[in-house]
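Undergrad: First the structure, which I've put down as structure tokens, then a few questions once you've had a look.
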């Protein structure tokens, strides 16, 4: 079996709050190959950001990885010491965040902050450091680098700040760039600039990207493969085309029907009923079952296993099991007791 | 559904406003709202004695027909929220006229006119008073406008509104922190509907919500429009959402409307270079379209609204800019079938 660049196995992360244990990530596994762009999509509370923070081990206080393995080139990151991990961060995996204002230090110049990243992670010395900073600033498409290095974050616009963050993340040419909602705080035209930039740099350096977003548009545009998350679990994964053109999990299907498409049409949106995820009160069965129109009895009782539907595509949904049983009636026992609400995708 | 409808129309007769009947003949009576040359400047202090005008909205004209939704899109800082607030008189305009149902809005009559125009805000967390129960929040405008004589009648109306927006009447005694974002937005909408307005300004009303909840609220806005004959000014930065909601769309850039046309028309044949790039920059949730699309990526950032470029404000980022664009502001004119554009070169 070939070694993956990054392999996450059975990762669980919980936040131990006063109200009880909040299982933000619930035993998820995935792999990332060199040079691929993986999208993780889900709504707030689905655990997509916590997954990223777990990989980087930058969870804030009540949060802790409670189980699983995160292997980077075969090495388990969870077993690294704090010091080793600090070296590892930025060198092999970098992360950029949603809000570029709070991720930059307001009292240091852009140049200072870039220099720091380069000084800590590379063997460059003295003048070389600043030269590399200038090169990076040019690389991410900021004009007039010599002037920009002397500026403070507040002197830059949101898009510029995100470019600086990207420059910083690229300082040591990491193997993986994690982009956690990188364009959510930005305007559409600026978002387009940043997405193009990430695409260009990804191709230029051949790095792998994990793109975390709630925006299906961004995902459609950027990713090779997609993981759909709901309430801390993976409900479906596949290539971009698998997910968008033949979704197999009820949540994915409903999600795609609930977003407005490009052209104006009188077709109504079909909203997902019910309320968003409440991680403190997760149901026993499938987490999506209380909102699912196709939910059957078994959905409320037992959480579904992820089942491979093709080489690239898998989903964790009882409806697929039912359909399979119906199609293979002869060689299986009685089909699961399905209520009405069958659906042809 | 029909039952609800009947109830509501019945009530509408009771709460009909005194006399906001249109009487000035020169106005188009199809329009619920007529905005003419509206401007709103804010004074920004730049020194002890000096200040600069920030032209948040600069000479904007448009109209909204009865039962119509006009979408207003643009990037942050372009003045779209200020437009909404200026016509509600929350920010008294610097100049210009706003006619509501034929009547000119002024300092004097705005309070009574607000009975017919309401607003739904972006942030369902900060726009609801945490110390008030749902019943008090929804009923507040009913009490202010003294619509019902007894508490009991008012309570009935509040329950009816809650049912209309999909909340249980058992929730009436709860406080807003007990609700999720989507439910809070429903409370905000019930509050806006309480006094039977004809016109609602929705200012980024779904941007704070998750996609799965967003569709619920959008559909509700549409249903309410059909049931109650509402007109909307739908302000949002999400172009797909505005496209879904609106009959016509206006695009703003640095305080000015640069293009205004029917939704289909502006999607298929955008004329202004800014509209063109703005619409092409939207990530489409469809991989095949995304792969084919020729995205026009604009250079640079939006200039500061304190130092708006002379002539056409967009010229600094425009690939077609000529000398004329620097010297003169392009007029906002009809290019046929109500497709308004302000551009010299297109």
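Undergrad: For the range B:223-234, state whether one or more residues are within 13 Å of another protein chain (Cβ to nearest Cβ) and within 30 Å of residue A:48 (Cβ to Cβ).
TA: There is at least one residue in the range B:223-234 that is within 13 Å of another protein chain (Cβ to nearest Cβ) and within 30 Å of residue A:48 (Cβ to Cβ).
Undergrad: Further question: Do you know which residues across the range A:141-171 are buried (at least 18 other Cβ atoms within 10 Å of the Cβ) and more than 14 Å from every other protein chain (Cβ to nearest Cβ)?
TA: A:145, A:149, A:153, A:165, A:166, A:167, A:168, A:169, A:170, A:171
Undergrad: Could we say that residue B:84 is outside any strand (DSSP E or B), modelled with pLDDT of 85 or more and under 16 Å from residue B:197 (Cα atoms) here?
TA: Yes, satisfied.
Undergrad: Turning to a different aspect of this structure: So, residue B:309, is that one exposed (fewer than 14 other Cβ atoms within 10 Å of the Cβ) and not in a helix (DSSP H, G or I) or not?
TA: no
Undergrad: Restricting attention to the range B:87-109, and to residues there that are buried (at least 17 other Cβ atoms within 10 Å of the Cβ) and outside any loop (DSSP other than H, G, I, E, B), which single residue is farthest from the chain's Cα centre (by Cα)?
TA: Only one residue tops the list, namely B:103.
Undergrad: Further question: Mind telling me which of the residues A:35, A:39, A:74, A:63 ends up being touching a residue at least 24 places away in the same chain (Cβ under 8 Å), on the phi > 0 side of the Ramachandran plot and surrounded by 15 or more Cβ atoms within 10 Å (Cβ to Cβ)?
TA: A:35
Undergrad: I'm trying to understand the selection: among the residues of the range B:115-153, which are outside any helix (DSSP H, G or I), free of Cβ contacts under 8 Å to residues at least 24 places away in the same chain and under 20 Å from residue B:174 (Cβ atoms)?
TA: Of everything in the range B:115-153, just one residue is outside any helix (DSSP H, G or I), free of Cβ contacts under 8 Å to residues at least 24 places away in the same chain and under 20 Å from residue B:174 (Cβ atoms), namely B:126.
Okay, residues lined up against (1) modelled with pLDDT under 90; (2) within 13 Å of chain A (Cβ to nearest Cβ):
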| position | (1), (2) |
| --- | --- |
| B:273 | no, yes |
| B:286 | yes, yes |
| B:296 | yes, yes |
| B:300 | yes, yes |
| B:305 | yes, yes |
| B:322 | no, no |
| B:332 | no, no |
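Undergrad: Could you say whether any residue in the range B:133-147 is surrounded by 14 or more Cβ atoms within 10 Å (Cβ to Cβ), under 27 Å from residue B:210 (Cβ atoms), modelled with pLDDT of 90 or more and in contact with a strand residue (DSSP E or B) (Cβ under 8 Å, 6 or more places away or on another chain)?
TA: The answer is yes, given that some residue of the range B:133-147 is surrounded by 14 or more Cβ atoms within 10 Å (Cβ to Cβ), under 27 Å from residue B:210 (Cβ atoms), modelled with pLDDT of 90 or more and in contact with a strand residue (DSSP E or B) (Cβ under 8 Å, 6 or more places away or on another chain).
Undergrad: Right, another one. Quick one: count up the residues across the range A:249-289 that are more than 21 Å from residue B:290 (Cβ to Cβ) and either at pLDDT below 90 or in a loop (DSSP other than H, G, I, E, B) (or both).
TA: Residues that pass the stated criteria total 22.
The rows are residues; the columns are (1) over 14 Å from residue A:11 (Cα atoms); (2) outside any helix (DSSP H, G or I).
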residue: A:53; (1), (2): no, no
residue: A:60; (1), (2): yes, yes
residue: A:67; (1), (2): no, yes
residue: A:83; (1), (2): yes, no
residue: A:95; (1), (2): yes, yes
residue: A:101; (1), (2): yes, no
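Undergrad: Let me ask something else. For the range A:178-190, what are the residues that are surrounded by fewer than 24 Cβ atoms within 10 Å (Cβ to Cβ) and at pLDDT 90 or above?
TA: Across the range A:178-190, the qualifying residues are A:180, A:181.
Undergrad: Does residue A:189 satisfy the criteria of being at the interface with chain B (Cβ under 8 Å from one of its Cβ atoms) and over 21 Å from residue A:6 (Cα atoms)?
TA: The answer is yes for residue A:189.
Undergrad: Just a yes or no: is a residue in the range A:63-80 within 25 Å of residue A:225 (Cα to Cα), out of contact with any strand residue (DSSP E or B) (no Cβ under 6 Å at 6 or more places or on another chain) and within 14 Å of another protein chain (Cβ to nearest Cβ)?
TA: No: the range A:63-80 contains no residue that is within 25 Å of residue A:225 (Cα to Cα), out of contact with any strand residue (DSSP E or B) (no Cβ under 6 Å at 6 or more places or on another chain) and within 14 Å of another protein chain (Cβ to nearest Cβ).
Undergrad: Report the residue count in the range B:255-275 for those that are part of a helix (DSSP H, G or I), surrounded by 16 or more Cβ atoms within 10 Å (Cβ to Cβ) and without any contact (Cβ under 8 Å) to a residue 40 or more places away in the chain.
TA: So the answer is 2.
Undergrad: Out of curiosity, is residue B:171 within 23 Å of residue A:277 (Cα to Cα) and crowded, with 16+ Cβ neighbours inside 10 Å?
TA: Judged against the criteria, residue B:171 is a match.
Undergrad: Looking only at helices (runs of 4 or more DSSP H) that fall completely inside the range A:117-233, which ones have 1 or more residues that are within 24 Å of residue B:288 (Cα to Cα)?
TA: Helices (runs of 4 or more DSSP H) meeting the threshold: A:188-205, A:216-222.
Each row is one residue, and each column tells you yes or no for (1) within 21 Å of the chain's Cα centre (by Cα); (2) within 14 Å of chain B (Cβ to nearest Cβ); (3) closer than 30 Å to residue A:201 by Cβ; (4) in contact (Cβ under 8 Å) with a residue 40 or more places away in the chain.
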{"residue": "A:280", "(1), (2), (3), (4)": "no, yes, no, yes"}
{"residue": "A:289", "(1), (2), (3), (4)": "no, no, no, no"}
{"residue": "A:294", "(1), (2), (3), (4)": "no, no, no, yes"}
{"residue": "A:311", "(1), (2), (3), (4)": "no, no, yes, no"}
{"residue": "A:315", "(1), (2), (3), (4)": "yes, no, no, yes"}
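The values are calculated or read from the model by the stated rules, or taken from the named source; none is laboratory data. Because the structure is predicted, anything quoted here is derived from the model rather than measured. Every residue, glycine among them, receives a Cβ derived from its backbone with ideal geometry; neighbour counts consider all protein chains shown.
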